[in-house]
Amino acid sequence: MSPDLIKTFGQIAGIGGLALGVLLVVFRDIISKNIFPKLEAGHAYLLLRMMIISVWSVAILGMASWAYMNVREKRLTPAPSRQLTVPKLQQTVYDEDTRDQLTGFLDQHLGKLVYINIEVPSDSSSFERSDPDVELFTITRELTLAIQGKNYDLKYYKNQNILSGFFVINPNMELHQGSVYILESVPRAQVQMELQK
């Protein structure tokens, strides 16, 4: 066995392959000395058995050290982080342009998780619960948000109606009085768990 072959063993199988290669070279040299005809049958058997057990033991130790190093390396290597980005909209809706920005944001993110924090002057907006599971937030005559679930904040503060929370935007419905977007609220804790994964 040439030094190049030992080098190949070491490159492919690491330290275990290197040890196995060296052992095979040593045992090949012992066998090539042609000492077996000079030994008694019992001694020749013991010598062969010792070589086989040694090669087997070194091979097992090499595989165990390789497995240990791979497991250790995987534990030390941080898992690739899954970056979950949540689109955010934070604005005051006070005229037609800002209303169009809001509807543009909602249309752009249909079916996606978003964070919304909007303020609407109370003189042009209102909110009411139409049934136990849906609250209607009328922003203007042309735009209403139907909010499902209970994991959001909708409140009145200093002449502003304020909506904030995480939502999945469902397709809108065009009615004779304007667009109605259905926002399904998502618990903040659930979103934070997803962000930490």
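The values are calculated or read from the model by the stated rules, or taken from the named source; none is laboratory data. Note that the structure is a prediction, hence the values are computed from the model and not measured. Here the Cβ positions follow ideal geometry from the backbone for every residue, glycine too, while neighbour counts run over all protein chains shown.
Taking the criterion of being surrounded by 12 or more Cβ atoms within 10 Å (Cβ to Cβ) and either outside the structural domain of Thr140 (by TED's automatic domain parsing) or not charged (D, E, K, R) (or both), the residues of segment 174-189 that qualify are Gly178, Ser179, Val180, Tyr181, Ile182, Leu183, Ser185, Val186, Pro187.
If only residues of segment 72-102 that are over 30 Å from Asn172 (Cβ atoms) and not in a loop (DSSP other than H, G, I, E, B) are counted, the one that is modelled with the highest pLDDT is Arg72. For segment 105-121, indicate whether the set of residues that are free of Cβ contacts under 8 Å to residues at least 24 places away in the same chain and touching a Leu at 6+ places or on another chain (Cβ under 8 Å) is non-empty. There is at least one residue in segment 105-121 that is free of Cβ contacts under 8 Å to residues at least 24 places away in the same chain and touching a Leu at 6+ places or on another chain (Cβ under 8 Å). The residue of segment 30-51 that is farthest from the chain's Cα centre (by Cα), among those that are exposed (fewer than 12 other Cβ atoms within 10 Å of the Cβ) and at pLDDT below 80, is Pro37. Of the strands (runs of 3 or more DSSP E) entirely within segment 105-197, those holding at least 2 residues that are among the polar types (S, T, N, Q) and either under 19 Å from Leu89 (Cα atoms) or touching an Asp or Glu at 6+ places or on another chain (Cβ under 6 Å) (or both) occupy 134-140, 143-148, 160-175, 178-186.
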